[in-house]
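The values are calculated or read from the model by the stated rules, or taken from the named source; none is laboratory data. It should be emphasised that the depicted structure is a prediction, and the values quoted were computed from it without experimental measurement. Backbone-built Cβ (ideal geometry, glycine too); neighbour counts: all protein chains shown. Note: areas computed on protein heavy atoms with side chains; ligands, DNA, RNA excluded. Shrake-Rupley method; radii C 1.70, N 1.55, O 1.52, S 1.80 Å.
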Amino acid sequence: MASLSQFLLFFSFLFCLKNTFPVLGFQSNFALFPVAKDAATLQYVARISHGAPLGSTDLVVDLGGSFLWMDCNSGHMSSSYRLISSCSVNCSRAKFHDLGSTSCLLNTNCYVSPYNGVTGSTSVGELVEDVIAVDSVDPSDVGQSTTVDHFLFACAPTFHLQGLASGAKGMMGLGKASISLPSQLSSSIGHPQKFSVCLSSSTGVLLTGSGDTVFGTKIARSLAYTPLITKQNDYLINVQSIKINGRRLAVHEQGKLEAKLSTVVPYTTMVSSVYAIFSKAYVEAATKMNMTRVETVAPFGLCFSSKGPLVPEIDLVLQSEMVKWRIQGRNSMVKVSEESMCLGFLDGGLEQSSPIVIGGLQMEDNLLEFDIGSSMLGFSSSLLLKETTCSSSLQDSKLKQFI
């Protein structure tokens, strides 16, 4: 009898999950969200349509965010969102990794902890569900929109918007949590358990599901792959070594070089011990290329005259010498004036949690595919080397209306 009871309990749980994220009547390859870079904060802002009537809300993209949260009082006012009970399956899923707040009280709302990845602050918010509209979900009719019911997100207080780009009303969490945007759309729409980002200095794109239809098989099949590590909701990769112009740096003594990928950090940062070795080697390589150092401009540590056309190549060597993330040119340098440019790698201090945090600049015009199902990261390195960009590589002109 005990085994039968356990089976019925398990079956009931599956039934609840099916009703939590109902699958649409067709399988889709992807859902698309336009992403723009905010010039003032250097944050990447995606636009989502939701509610009744449908309205648009801008959200700062956070690769490590657990879920989508927004200020429900100052942005688009929806009449269709519904509060979630603290004793519901959805509340339990939202709090799966929050062991300290799993209590259930009848007739009470579900409270979660929205995290502002820009300021590092946490607040208290109510878990709600509403309708969202997603673009380009049907590969046979690219450009159409459809609605997804029962999408879960959190309503956060207005003060929690501190530090976000002007006009942004929350953050779009892309972490591995079960109620992050990619996880929910994978369950609701039925596409593969993966998502891709192709950031740009102007306009880019976020795709949940397979990006082959958008970027074409030539680019999609050219991706190199490396194991993807998840810690809490952060995505990381292992860096075996760093090379500058082919010369390997003596950073192996610093131990394991885990590199976190972050869309809320504008430039790559390194823990001080690694940055000291890196910056010294970069100056040596730049000197050999006849680059002239100039006065630094905050927050950068190394600046050079912009008269020279070439800059040193940086390679993050991953699981083998054959798998490298190459960073050069526009992905390594920031133009600060007509006469000078600065290296977009910063000293992250002594207490940085990961030895390396790969920032937004280094991910721009680089197609990144986060395959959650197989725990692999696909990356193209700079699309500029393939004489294209994130925007221009879109295969179907009908997608341009969303970018």
| request: Averaging sequence separations of C-alpha pairs under 8 Å and six or more residues apart, then dividing by the length of region 183-262, give the relative contact order as a whole percent. | output: 17
| query | Once label points are set 7 Å from the Cα along Cα→Cβ at both K256 and Q319, what is their separation, rounded to one decimal in nm? | reply | 1.6
| query | What list of ³J(HN,Hα) couplings, whole Hz, do you get for region 334-345 from phi and the Karplus terms 6.51, -1.76, 1.60, once you set θ to phi - 60° and write x for glycine and proline? | reply | 10, 6, 9, 6, 5, 9, 9, 9, 10, 6, x, 10
| note | Those GluC sites (Glu not before Pro) from region 200-308 that are DSSP loop and have at most 13 other Cβ neighbours within 10 Å turn out to be E295
| note | From most to least accessible, 1.4 Å probe, no ligand or DNA/RNA atoms counted, L384, L343 line up as L384, L343
| query | Taking the Cα centre of each part, how many Å lie between region 162-185 and region 313-332? | reply | 28
| said: With the cut-off at 25 Å, tell me which of the pairs K256/K335; K256/K386; K260/K324; K288/K335; K260/K280 have Cα atoms farther apart than that. | reply: K256/K335; K256/K386
| message | At a threshold of 8 angstrom on Cα-Cα distance, excluding pairs fewer than six apart, so keeping six or more, what relative contact order does region 236-367 reach in percent? | response | 38
| request: Give the carbon-plus-sulfur fraction of the accessible surface of region 148-293 in %, rounded to a whole number; probe 1.4 Å, heavy atoms of protein chains only. | output: 48
| Using the Karplus equation 6.51 cos²θ - 1.76 cosθ + 1.60 (θ = phi - 60°), what ³J(HN,Hα) coupling, rounded to whole Hz, does each residue of region 48-57 give in order, writing x for Gly and Pro? | 10, 9, 7, x, 9, x, 4, x, 9, 9
| task | Compute the relative contact order of region 38-84 as a whole-number percentage, counting only Cα pairs closer than 8 Å that sit 6 or more residues apart in sequence. | result | 35
| note | So for R0 = 30 Å, FRET eff. of D38-C104 from the Cβ-Cβ r, to 0.05, ends up at 0.15
| request: Calculate one ³J(HN,Hα) per residue across region 159-172 by plugging θ = phi - 60° into the Karplus curve 6.51 cos²θ - 1.76 cosθ + 1.60, and present them in order as whole Hz with x for glycine and proline. | output: 5, 6, 7, 4, x, 7, 4, 4, x, 6, 10, x, 9, 9
| message | Accessible area of region 322-361 with a 1.4 Å probe: how many percent of it is carbon plus sulfur? | response | 52
| query | What is the extension gain from T217 to R330, computed as 0.36 nm multiplied by their sequence separation minus the C-alpha to C-alpha distance, in nm to one decimal? | reply | 38.2 nm
| note | With a Förster distance of 51 angstrom and the Cβ-Cβ distance between S337 and K231, calculated FRET efficiency to the nearest 0.05 equals 0.85
| query | Under 14 Å from the Cα of K307, which aspartates and glutamates turn up, not counting those fewer than eight places away in the same chain? | reply | E338, E339
| query | How much accessible area per residue does region 167-276 have, in Å², with a 1.4 Å probe? | reply | 34
| query | Quick one: if the Förster radius is 22 Å, what FRET efficiency do N238 and L385 give, using the C-beta to C-beta distance and rounding to 0.05? | reply | 0.40
